[in-house]
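The values are calculated or read from the model by the stated rules, or taken from the named source; none is laboratory data. Note that the coordinates shown come from a computational prediction; the quantities given were computed from them, not determined experimentally. Using ideal geometry, Cβ is built from the backbone for each residue, glycine included, and neighbour counts are taken over all protein chains shown. Accessible surface is based on the protein model in full, side chains and every heavy atom, while ligands, DNA and RNA are left aside. Shrake-Rupley method; radii C 1.70, N 1.55, O 1.52, S 1.80 Å.
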Amino acid sequence: MTNQPPAPEPAAAAETPTESTEFTAPGAPRPRTASRRVTLRSDLRASWPDGLVALLVTAAVFVLLYVRIRDKTSSTVSVMPFMADAGGFWMYFLSQAFGWSALLWAWGTVILGLLLSGPRPRWPRISAPRLERLHRTTSLNTIALILAHALFFGAELFRHDTAAWNSALGTAFVETFVPGGYGSGTGQIAIPIGQAALYLAVPLGLLFYVRHRFGPKTWRVLHRFVIVVYVLSVWHTLLYGTNVWYDGWFRTGIWLLQLPIAALLLVRLLRPARRSEKLPARPGATASRTGWALRLGGRLAVVGVMVALVVVVVSGNDGGRSVPPDDTSSTHNHD
Ligand code: HEM
């Protein structure tokens, strides 16, 4: 992180949806792209490069998961032995692969967002408008990857249902997309958590493109809650992912990956790009003392989260189930 002075408040011009950044200082040279209007269509067009990378990552993860299932080294088979026939459940494994790329893209886009709204780092040397566009395209791709993850899960349910096709389609839809529709095992909690992440991600991300209708300030306040989407996604993964079902380095690694997010969130809160979001040293310096206390509480809560993450990673006590003996016939209820 640099010691640059905080960026001034955005100029009124940044209130219109242009390629220019909300974080460009007034008076700073306008980027050549500044007059181009940002629309959902233009961002969707710009999304293909990182979308393509996401698909390649998903394909690589799918191959890895498939080989592990075939070789019977995957914990998915320990949890659900009926899945040992890799070919019979390839859509499920593809859904898992999309889940991992969705989580990785969510991680990346949250990092980019925090870099934009906190102090600008010295590295990577990338202009604010580019960083902002990358944040938007990775967000759009995250939503698409989550959708693909859910759709392949639903498609596998549909494929294995022996009822008439229309009834099977209805059941698969309800179990995949309707909160409370999935009625057994850990999925009763884990699936609604994933659905909540998806259903919040869509408005909190896409309202950007119509923010001029209800005010950019309202948009900014709403968009802050996107961190909840990320927390729900990680929670859903650690609760339900069969590849992180048991104790081990991979599960602990997922916890470890949350440390940079928490650290950047803290830096962003302590040194926000917008002056108006700074926490004054004394409560009397703000309009409301309650607001000041809440903002201080938020910063202390993030410090608490960081301490908890370090404890989890160092102790290895990360909520994973104990690894079963080799000859297990599953006693774990995943469903
Ligand atoms: C409609 C919403 C969602 C549904 C129906 C859903 C469904 C599922 C199911 C059934 C599993 C268990 C797969 C296994 O056996 O490992 C799972 C795991 C997982 N989900 Fe989701 N999910 C949803 C949302 C999300 C979101 C929002 C994310 C992240 C951005 C996500 C990321 C993951 C990951 C990384 C796993 C672990 C896969 C593994 O262990 O290989 N899911 N999800």
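Report the residue count in segment 226-245 for those that are in contact with a helix residue (DSSP H, G or I) (Cβ under 6 Å, 6 or more places away or on another chain) and either without any contact (Cβ under 8 Å) to a residue 12 or more places away in the chain or away from the ligand (no atom under 11 Å from the Cβ) (or both). Residues meeting the conditions: 1.
A count restricted to segment 57-108 and to residues that are closer than 30 Å to Leu131 by Cα and aromatic (Phe, Trp, Tyr) stands at 5. In segment 62-87, how many are open to solvent by less than 40 Å² (accessible area, probe 1.4 Å) and closer than 17 Å to Leu145 by Cβ? The number of residues fulfilling the criteria is 1.
Candidates are the residues of segment 200-220 that are assigned to a helix (DSSP H, G or I) and open to solvent by less than 40 Å² (accessible area, probe 1.4 Å); the one that is nearest to the ligand (Cβ to nearest atom) is Ala201.
Scanning segment 90-106 for residues that are more than 9 Å from the ligand (Cβ to nearest atom) and surrounded by fewer than 22 Cβ atoms within 10 Å (Cβ to Cβ) turns up Trp90, Met91. So, Ala59, is that one of a type in the set (Gly, Ala, Ser), surrounded by 14 or more Cβ atoms within 10 Å (Cβ to Cβ) and closer than 25 Å to Ser139 by Cβ or not? Judged against the criteria, Ala59 is not a match. For segment 157-177, taking the residues that are within 14 Å of the ligand (Cβ to nearest atom) and farther than 16 Å from Phe93 by Cα, the one that is most open to solvent (accessible area, probe 1.4 Å) is identified as Phe173.
If a residue counts only when it is small (Gly, Ala, Ser), at pLDDT 95 or above and open to solvent by 30 Å² or more (accessible area, probe 1.4 Å), which helices (runs of 4 or more DSSP H) contained entirely in segment 221-280 have at least 1 such residues? Show your work before the answer.
Values: elements: 226-240, 249-256, 258-270.
Fully inside segment 221-280 and qualifying: 258-270.
Every listed requirement among (1) in contact with a Ser or Thr (Cβ under 9 Å, 6 or more places away or on another chain); (2) within 9 Å of the ligand (Cβ to nearest atom); (3) part of a helix (DSSP H, G or I); (4) open to solvent by 20 Å² or more (accessible area, probe 1.4 Å) is met by Gly154 save one, (4).
Within segment 173-196, restricting attention to residues that are part of a helix (DSSP H, G or I) and without any contact (Cβ under 8 Å) to a residue 12 or more places away in the chain, which residue is nearest to Val226 (Cα to Cα)? Quick ask: steps written out before the conclusion?
Narrowing segment 173-196 to residues part of a helix (DSSP H, G or I): 173-177, 187-196.
Now drop any that are not without any contact (Cβ under 8 Å) to a residue 12 or more places away in the chain, which leaves 174, 188.
Working: Val174: 25, Gln188: 23 Å.
Among residues in segment 173-196 that are part of a helix (DSSP H, G or I) and without any contact (Cβ under 8 Å) to a residue 12 or more places away in the chain, the one nearest to Val226 (Cα to Cα) is Gln188.
Restricting the first member to segment 288-301 and to residues that are among the aromatic types (Phe, Trp, Tyr), and the second to residues that are surrounded by 13 or more Cβ atoms within 10 Å (Cβ to Cβ) and part of a helix (DSSP H, G or I), the beta-carbon pairs closer than 8 Å and six or more apart or on different chains are Trp292/Pro283. Within this structure, Thr137 passes the test of being of a type outside the set (A, V, I, L, M, F, W, C), away from the ligand (no atom under 13 Å from the Cβ), surrounded by 18 or more Cβ atoms within 10 Å (Cβ to Cβ) and within 25 Å of Phe62 (Cβ to Cβ). Here is the figure for segment 65-89: residues that are among the aliphatic types (A, V, I, L, M) and either near the ligand (Cβ under 10 Å from one of its atoms) or within 21 Å of the chain's Cα centre (by Cα) (or both) total 4.
Would you call Leu204 out of contact with any strand residue (DSSP E or B) (no Cβ under 8 Å at 6 or more places or on another chain), at pLDDT 95 or above and farther than 19 Å from Ser95 by Cα? Before you say what the answer is, go through the steps one by one.
Working: out of contact with any strand residue (DSSP E or B) (no Cβ under 8 Å at 6 or more places or on another chain): yes; at pLDDT 95 or above: yes; farther than 19 Å from Ser95 by Cα: yes.
When the stated conditions are applied, Leu204 passes them.
Exactly one residue out of Val228, Val221 is more than 30 Å from Glu156 (Cβ to Cβ) and among the hydrophobic types (A, V, I, L, M, F, W, C): that is Val221.
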